[in-house]
Amino acid sequence: MRQAENTLFTIVMLIYFASMILYFVFIAIKKDRLAGAAALLQTVGLVLHSAAILLRGLAAGRLPLTNQYEFATCFAWGLCLVSLIFIRRFRFPMLGAFAAPVIFLIIGYAAMQSKEIHELMPALRSNWLGVHVSTAIIAYGAFGVSFVLSIIFLIRDRLRDSSFWDRHVPTHEKLDLISYRSVCLGLLFLTFTILTGAIWAERAWGSYWSWDPKETWSLVTWIVYAVYLHLRIRRGWRGKAAAVFAAVGFVCVIFTYIGVNTFLPGIHSYA
């Protein structure tokens with residue numbers, strides 16, 4: 001079963017890569033049908049990716065959410081899922097062209113991690129594992145989409161090329177609105193992540209909060225996005241400043257996931 005999962009994982013990586021190339025060709029030769037083909041290929045990749053994660057869980061005999069490899073591949077899965085939802089919801093195939101490289105980079109990071117299956121440490125043997133980590137995956141996926149939208153927003157004025165970009169890249173106002181909705185989704189799920197993590201921590205270690213580096217940076221990330229929403233709702237923040245703020249928030253997300261594990265070991269070092 002592990003061999004099947006490894007093979008499927010490799011196929012998924014190749015599909016995501018092919019989807020990314022198709023999106024790039026779509027931009028280069030400006031053929032709309034290529035965007036549809038790229039999105040379809042990305043959807044196929046998501047389905048096979050789901051199967052690979054399922055096989056990993058069956059091989060491990062648990063939810064596959066407990067180490068760097070497992071979370072990274074699920075992170076890529078979450079970003080792929082949320083980006084496809086937004087592509088379909090807003091009829092915005094250009095989003096896929098910018099999201100595909102980020103998805104491929106994240107799953108490429110997963111490929112560099114150890115795929116060994118280890119027995120769960122006692123603190124992880126809890127029903128809270130699935131709720132806590134799955135909400136984090138959706139939150140990170142939504143923040144990844146908001147990051148991509150922010151990049152598109154910031155470079156939109158440089159993408160003037162007759163009617164092609166006007167047709168496929170929404171106005172600044174619509175980009176700003178879609179990014180706002182993505183941040184709202186991400187912050188909602190990150191809130192669930194922190195709350196369920198606190199409940200789980202109290203049951204596992206006897207304390208709701210211990211200022212572990214992962215906990216601290218999750219809170220920092222939450223505060224950054226909460227400030228973004230506060231400034232938008234109460235102060236009417238829009239446009240470039242909001243896009244930069246959302247992009248900075250995703251940098252916090254990446255540091256919370258990769259940077260903390262690499263440079264700031266703590267009780268979450270296993271994840």
At q = 0.08, 0.12, 0.15 Å⁻¹, base-10 log of I(q)/I(0) for the chain (Debye sum, equal scatterers on each alpha carbon): -0.33, -0.74, -1.11
Can you compute 3J(HN,Hα) from phi for each residue in region 175-183, using the Karplus curve 6.51 cos²θ - 1.76 cosθ + 1.60 with θ = phi - 60°, rounded to whole Hz and x for Gly and Pro? 4, 4, 5, 5, 4, 4, 5, 5, 5
Considering Cα pairs under 8 angstrom that are at least six residues apart, work out the relative contact order of the chain and quote it in whole percent. 18 percent
Run through region 167-245 and list the chymotrypsin sites (Phe, Trp or Tyr not before Pro) located in a DSSP loop whose Cβ has at most 11 other Cβ atoms within 10 Å. 211
Under the helix-only model (-39500 (n - 2.57) for each DSSP H run of 4 or more, divided by the residues of the chain), the mean residue ellipticity at 222 nm, to 500 deg cm²/dmol, is -27000 deg cm²/dmol
Label-to-label distance, nm, for residues given as residue 88 and residue 157 (7 Å Cα→Cβ offset): 3.6 nm
What does the extension gain come out to for residue 230 and residue 24, with contour length at 0.36 nm per residue minus their alpha carbon separation? 70.5 nm
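How much FRET efficiency would the formula 1/(1 + (r/R0)^6) give for residue 4 and residue 254, where r is the Cβ-Cβ distance and R0 is 35 Å, rounded to 0.05?
Values: r = 31 Å, r/R0 = 0.87.
Between residue 4 and residue 254 the formula returns 0.70.
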With at most 13 other Cβ atoms within 10 Å, longest stretch of the chain clear of loop trypsin sites (Lys or Arg not before Pro) (DSSP): 161-271
Test of understanding: what is the full-extension gain from residue 105 to residue 208, defined as 0.36 nm times their sequence separation minus their Cα-Cα distance? 33.7 nm
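Which residues make up the longest stretch of the chain clear of GluC sites (Glu not before Pro) that lie in a DSSP loop with no more than 13 other Cβ atoms within 10 Å, not counting the sites?
Details: sites that count: 116, 119.
Free of exposed loop sites, the longest segment is 120-271.
No value in this document is a laboratory result; all are computed from the given coordinates. Quick caveat: nothing in here was measured; it's all calculated off a predicted structure. Cβ: placed from backbone, ideal geometry, glycine included. Neighbour counts: every protein chain shown.
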